[in-house]
Every structure is written in C-alpha cells, then in structure tokens.
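For reference, the structure is listed below as structure tokens.
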Amino acid sequence: MDLYIFDFDDTLALTDSRVRVVRGGKDMFMSSRDFAHFQVRSTDTIDFSEFSKANGTLIKDTADKMLQMMKQGEDVYIVTARSVAQPVEDWLTGEIGRCPPVIATSGSEGKIPWLENQLTQQQYDKVVVYEDCRKNIRNLKDVIEQFNSQNGTSIVYNAMCILPDQSITQVESRWRSENLITEWDFKEITRNFLRKTW
C-alpha cells in the first residue's frame, strides 16, 4: 500500500487565510507560502486565527490527483499545519463531495512526528507528498530515510511541489535510500553493466 500526504493551504486550495505577524508594534499579513520563508524573531507575535476558517479557490490538478488516489484505495491523508481540521473537512466536502482524514498538526513541525508514527502503524511501499513548502518536503524525506535506515526497509519517497502558478513539479524521487545499496547490489549492477557492454 502507498501513503499519499497532501498539504492544504497553497497545495489543495488557494485560501484567503493570512498569518498576522506583529513586529515592533506593526502588523504584517502574509500567506502561508510567504510565512514558510519568513524568519520569525523571538519578539514577534504570531496570530493564526484566520486559519480557523477555510475559504478560497480549489487547486483542481492537486484535488483531482487526491481523488484518484482515494478511488484506487491508497492511504490518503491531508496533513496541514493548521490547528483545526474541521474547517478543511467542511470546505473540501462542499467543493468536491468528499474528504480524506484531515490531520491538523498546529505547525509544520508537527508533520514530522505524525509521519514517524504513521510509518509504525502501517507497512508502506511508497510515500508520496504533495506540498508547496520545500522545507517540509525535505523534512519528510529525512523521516523516510531515517526510518529506512533504522528498520532495514526501502520505502520509496516521492515529492511533488506545488508552485505559485499552481503547476506541479516533482522535486524528489527515490526508489530507495542511497545508503541502502549493499556490496552485493554494487557487484550485481557492475556485472549487468559488463554483460551489456561486452
């Protein structure tokens, strides 16, 4: 079975929710995509209250891929940095008629322990991530590689990055972690290469 993880904001929907940052008495408002690249200072006040509702425009290509994987019986989740899942469930159900389980992690850091736990609950052949934040893509890749290394597994990791123009580009594709290639694998690869070239 394969695990498909979809982010929500700027991946499945362009929402009008904004992060409010108060710095030096001045308010700044930014999208979740912009906030992912923002350097927070210890003196900043961060307000995510707008993320308690979900309104916006569906990103059709990503939503279609999610529906396709659900129909194929894959294990599909929406894992969002939002702190409340219900608005996402309600909005998506209204837009496309159904919604997979929504996991609200209250910040991007919460996606890491969720994936770590999920890997212990179910045996997966492949994990595919749809995300707009490359930092999250790298962090989840690290989780898979560490799990493979610690458990002797070879879970495939693929990641699709949703760009600001809503196009999708593949940014990670690993059939298995490079450090899992054994000496026997190397000898077999070399032997096959020599057979074809001689």
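I5 meets the stated requirement of being touching a residue at least 24 places away in the same chain (Cβ under 8 Å), in contact with a strand residue (DSSP E or B) (Cβ under 9 Å, 6 or more places away or on another chain), crowded, with 16+ Cβ neighbours inside 10 Å and not in a loop (DSSP other than H, G, I, E, B). Summed over the range 8-22, residues that are exposed (fewer than 14 other Cβ atoms within 10 Å of the Cβ) and at pLDDT 80 or above total 1. All of (1) without any contact (Cβ under 8 Å) to a residue 40 or more places away in the chain; (2) over 16 Å from L14 (Cα atoms); (3) aliphatic (A, V, I, L, M) hold for M69 with one exception: (1).
Only a single item in (1) modelled with pLDDT under 95; (2) among the polar types (S, T, N, Q); (3) more than 12 Å from the chain's Cα centre (by Cα) is not met by S108, and it is number (3).
For the residues K71, K141, K60, the requirement of being out of contact with any Pro (no Cβ under 6 Å at 6 or more places or on another chain), within 18 Å of M1 (Cβ to Cβ) and not hydrophobic (A, V, I, L, M, F, W, C) singles out K71.
Entry remark, the range 74-89: residues being modelled with pLDDT of 95 or more and of a type outside the set (D, E) number 4 in total.
To keep it simple, each residue is scored yes or no on (1) closer than 24 Å to V88 by Cβ; (2) touching a helix residue (DSSP H, G or I) at 6+ places or on another chain (Cβ under 9 Å).
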residue	(1), (2)
D2	yes, yes
T11	yes, yes
L14	yes, no
R18	yes, yes
R23	no, no
M28	no, no
R41	no, no
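Within the range 57-109, if we keep just the residues that are in a strand (DSSP E or B) and in contact with a Lys or Arg (Cβ under 6 Å, 6 or more places away or on another chain), the residue that is nearest to N136 (Cα to Cα) turns out to be V79. Considered as a group, the residues in the range 123-170 that are part of a loop (DSSP other than H, G, I, E, B) and farther than 29 Å from D34 by Cβ include one that is farthest from the chain's Cα centre (by Cα), and that residue is G152. Please verify whether V88 is under 13 Å from Y4 (Cα atoms), crowded, with 20+ Cβ neighbours inside 10 Å and in contact with a strand residue (DSSP E or B) (Cβ under 6 Å, 6 or more places away or on another chain), treating the condition exactly as stated. Considered against the rule, which asks whether it is under 13 Å from Y4 (Cα atoms), crowded, with 20+ Cβ neighbours inside 10 Å and in contact with a strand residue (DSSP E or B) (Cβ under 6 Å, 6 or more places away or on another chain), V88 comes out as no. Under the condition of being over 24 Å from P164 (Cβ atoms) and not in a loop (DSSP other than H, G, I, E, B), which residue from the range 31-52 is modelled with the highest pLDDT? Residue satisfying both the conditions and the ranking: T45.
The values are calculated or read from the model by the stated rules, or taken from the named source; none is laboratory data. Remember, predicted model here, so these are calculated numbers, not experimental data. Backbone-built Cβ (ideal geometry, glycine too); neighbour counts: all protein chains shown.
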